[in-house]
Amino acid sequence: MTTVGILGGGQLARMLALSGAPLGLRFLVMDNTADACAGQFVPMVVGDYRDETALAEFASRIDVATFDFENVPADSAEWLAQRVPVFPNPRALAVAQDRLAEKTLFRELGIGVPAFAAIDTRADLDAALAVIGAPSILKTRRLGYDGKGQFRIRTLADADAAWVALSGNTHGLILEAFVPFERELSVVAARGRDGEFRAWPLTENWHEHGILSASLAPAHVAPALAAHALDYARRVGEALDYVGVFALELFLRDGELLANEMAPRVHNSGHWTIEGSETSQFQNHLRAVLGLPLGDTRMLGHACMLNWIGDLPDANVVLNEPGGHWHDYGKAPRDGRKVGHATVRADSAEQLASALQRVGIALGREAQVAPAIQALR
Ligand code: AMP
């Protein structure tokens, strides 16, 4: 009996455990909050990731460790890796935790990136703004997610306010050129212990207030562009000797792909793979981590995922759709919190657009479904 340990006990851990059950796996999650939603049906160690006593208990009860949360301290990941196999490896995690390190790696690999510069002092900011200009975005190098830890510099006069807002951050900052992108895309890919690489079809994403709102797959782009994006992901996976699933977020601007960031874990823009592809991202992550053969990533029709942020709408509207699937993460409602998602799948783009239209109208969420419908038509 193999027990997979997951650092972080949120919805990603929950969906990993659900998809691992048919493989006969057991799970143990570690989280610093006792009400982490995976803990509703997965045994849990509650403790701070820096607490060696809690980590030691976690390590003693598992055969292999992985993450649902990328901001686990690098030292804790290293400590764990000396005791049990950890995938992805701590170096890959460390690179993905640091916006400067990941953008530097992308550039070294020949992957397009927005202009960027490391910022440690106010003088650095002025020097970088003189080159990159405005509009641009000042971001914390670490611990930013869902648009948090960012300040938009619309004109050079915003530099003071940006500095005041973020300079208290002890891990340093990065200034990036603002990309007036036409579309946001992501590659979700899996890499096995033997280096086998598989990616799901390219996904198009839309955000609301910096949080993912909807994902549509396959993205309606030229095959050459999709192949290009998948090749970028392959390069990143190889460079980091990555094992498991990761996501590469890209901007499309004037036919050119620019990498924004990578997530060293299963990703929200890959939730549609549960019902929309032969093998889900969760199943393939576990297969990769355990050294099992990776599953086929081909799509079953067209799929759109709608994120539920803050609270859940009426499930019956989605459950009434022939291709409708509901995911309630078992979390208390709270502003800005991801509490669930729905995936709507259909055989054709036109059928999916019609289903989304019905769902959007019935739930009063026309604005959330509109961009996907437009992309489908
Ligand atoms: P991030 O936390 O880096 O994923 O950023 C969250 C969202 O902010 C992205 O999905 C984009 O919509 C937007 N964003 C981040 N960086 C840039 C950029 N350099 N140019 C334009 N938009 C950006």
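The values are calculated or read from the model by the stated rules, or taken from the named source; none is laboratory data. Note that the structure is predicted; figures quoted are calculated from it, not measured. Neighbour counts are summed over all protein chains in view; Cβ atoms, including those assigned to glycine, are modelled from backbone coordinates with ideal geometry. Surface areas here come from the heavy atoms of the whole protein model, side chains and all, with no ligands, DNA or RNA. Shrake-Rupley method; radii C 1.70, N 1.55, O 1.52, S 1.80 Å.
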**Request:** Would you confirm whether any residue within segment 170-177 is in contact with a helix residue (DSSP H, G or I) (Cβ under 7 Å, 6 or more places away or on another chain) and more than 19 Å from residue 260 (Cβ to Cβ)?
**Result:** no
Within segment 301-312, of all residues that are out of contact with any Lys or Arg (no Cβ under 7 Å at 6 or more places or on another chain) and surrounded by fewer than 19 Cβ atoms within 10 Å (Cβ to Cβ), the one farthest from residue 20 (Cα to Cα) is 311
When segment 198-221 is checked residue by residue, the ones that are free of Cβ contacts under 8 Å to residues at least 40 places away in the same chain and more than 16 Å from the ligand (Cβ to nearest atom) are 221
Of those in segment 148-193 that are at pLDDT below 95, within 9 Å of the ligand (Cβ to nearest atom) and of a type outside the set (Lys, Arg), the residue most open to solvent (accessible area, probe 1.4 Å) is 150
Considering residues that are in contact with a Pro (Cβ under 8 Å, 6 or more places away or on another chain) and either closer than 30 Å to residue 292 by Cα or at pLDDT below 95 (or both), the number found within segment 197-209 is 3
Within segment 237-253, residues within 14 Å of the ligand (Cβ to nearest atom) and open to solvent by 30 Å² or more (accessible area, probe 1.4 Å) come out as 249, 253
Scanning segment 114-141 for residues that are part of a loop (DSSP other than H, G, I, E, B) and surrounded by fewer than 21 Cβ atoms within 10 Å (Cβ to Cβ), the one farthest from the ligand (Cβ to nearest atom) turns out to be 121
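Working only within segment 280-293, note down all residues that are in contact with a helix residue (DSSP H, G or I) (Cβ under 9 Å, 6 or more places away or on another chain) and either closer than 23 Å to residue 180 by Cβ or open to solvent by less than 10 Å² (accessible area, probe 1.4 Å) (or both).
281, 282, 284, 285, 286
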Quiz item: Any chance segment 78-88 includes a residue that's touching a residue at least 24 places away in the same chain (Cβ under 8 Å) and in a helix (DSSP H, G or I)?
Solution: yes
If we keep only residues of segment 1-34 that are charged (D, E, K, R) and without any contact (Cβ under 8 Å) to a residue 60 or more places away in the chain, then the residue farthest from residue 290 (Cα to Cα) is 31
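For every residue, the table says whether it meets (1) touching a helix residue (DSSP H, G or I) at 6+ places or on another chain (Cβ under 8 Å); (2) modelled with pLDDT of 95 or more; (3) under 17 Å from residue 245 (Cβ atoms).
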position	(1), (2), (3)
4	yes, yes, yes
13	yes, yes, yes
24	no, yes, no
41	yes, yes, no
45	yes, yes, no
Among the residues in segment 200-215, are any of a type in the set (Asp, Glu), within 15 Å of the chain's Cα centre (by Cα) and not assigned by TED's automatic domain parsing to the domain that holds residue 20? yes
Sole miss for residue 231 among (1) surrounded by fewer than 18 Cβ atoms within 10 Å (Cβ to Cβ); (2) touching a strand residue (DSSP E or B) at 6+ places or on another chain (Cβ under 7 Å); (3) of a type in the set (Asp, Glu) is condition (2)
Test result for residue 122, touching a helix residue (DSSP H, G or I) at 6+ places or on another chain (Cβ under 6 Å) and either at positive phi or not assigned by TED's automatic domain parsing to the domain that holds residue 235 (or both)
yes
